[in-house]
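Input: a single structure, listed below in structure tokens.
Read-outs: derived from the displayed coordinates by stated rules, not from any lab. Just so we're clear, the structure is a prediction, and the values are computed from it rather than from any experiment. Every residue, glycine among them, receives a Cβ derived from its backbone with ideal geometry; neighbour counts consider all protein chains shown.
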Amino acid sequence: MKKIILLILVLVTGTSALKAQKFGYIDTEFITSKMTDYQNAQTDIENVTAKWVKEISDKNAEVEKLEKAYRAEEVLLTEEMKQTRQRAIAEKSKEARDYQNKVFGINGELIKKKQDLMKPILDEIAKAVEKVVRQKRLDFIFDKSSDNVTMIYTNPQHDYTDYVMEELGISPDQLKEKEEAEKEEKANQDAEKEKAETKNEKPAGSKKPKKNN
């Protein structure tokens with residue numbers, strides 16, 4: 001999937017209309033990490049996925065067992081018996097494939113389960129975002145954690161994550177945790193920048209001395 005790179009868009013376009021737009025961003029990955037309902041939904045999905053994986057594994061193991069028994073006894077079977085056993089193996093194999101497609105295929109049970117559990121939570125976040133957008137009179141808001149958007153640089157003054165979290169009733173302690181994480185991230189970025197600048201600096205007196213003839 002192509003990523004949309006938001007690289008100093010205002011400077012590139014330079015249009016007065018775009019400059020008049022007010023935009024911001026949020027980090028839904030951080031928001032959901034602090035939502036109990038979201039964490040519970042993730043646990044439910046992981047549990048039911050593990051259950052389905054085991055059921056499919058058991059069905060495939062049954063097919064392998066039938067195939068192994070058939071190969072071991074094939075020389076002792078009549079042609080009619082061979083065909084009967086082959087049909088039984090084919091039916092079990094098809095049953096395993098059909099069940100796997102039913103569970104993990106397009107529009108399968110896993111997709112439906114995720115939609116059922118996640119939709120109410122995502123709707124709640126969407127309502128909170130809409131409220132913040134209206135309160136702050138934003139024209140655009142991006143999701144920092146989205147796979148479709150790469151934020152190469154983010155100015156914290158455009159970060160509206162805290163406001164959305166407040167609308168969702170997430171505690172101040174969790175907001176403080178986010179602030180500390182951002183400070184740590186900025187400190188790491190500054191350290192990397194300083195390291196790069198130091199590496200690119202040429203040491204004084206680095207010229208090689210001339211050899212005496």
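For this structure, a couple of remarks:
- Across region 14-158, the volume of the C-alpha convex hull divided among the residues equals 176 Å³ per residue.
- Extension gain for the segment Met118 to Gln21, taken as residue separation times 0.36 nm less the Cα-Cα distance, is 31.8 nm to one decimal.
- Cβ-derived FRET efficiency at R0 35 Å, Gln189 paired with Arg137, nearest 0.05: 0.70
- Bridging of Lys199 to aspartates and glutamates at a Cα separation below 15 Å is possible for Asp190, once same-chain residues fewer than 8 apart are set aside.
- A viscosity of 1.306 mPa s and a temperature of 10 °C, combined with the Kirkwood radius over C-alpha pairs in the Stokes-Einstein formula, give region 44-86 a diffusion coefficient of 130 µm²/s.
- Approximate spin-label separation Glu46-Asp147, in nm, with each point projected 7 Å along Cα-to-Cβ: 1.9
- Built amide H within the under 5 Å cut-off of Lys144, gap 5+: Ile26, Asp27, Thr28
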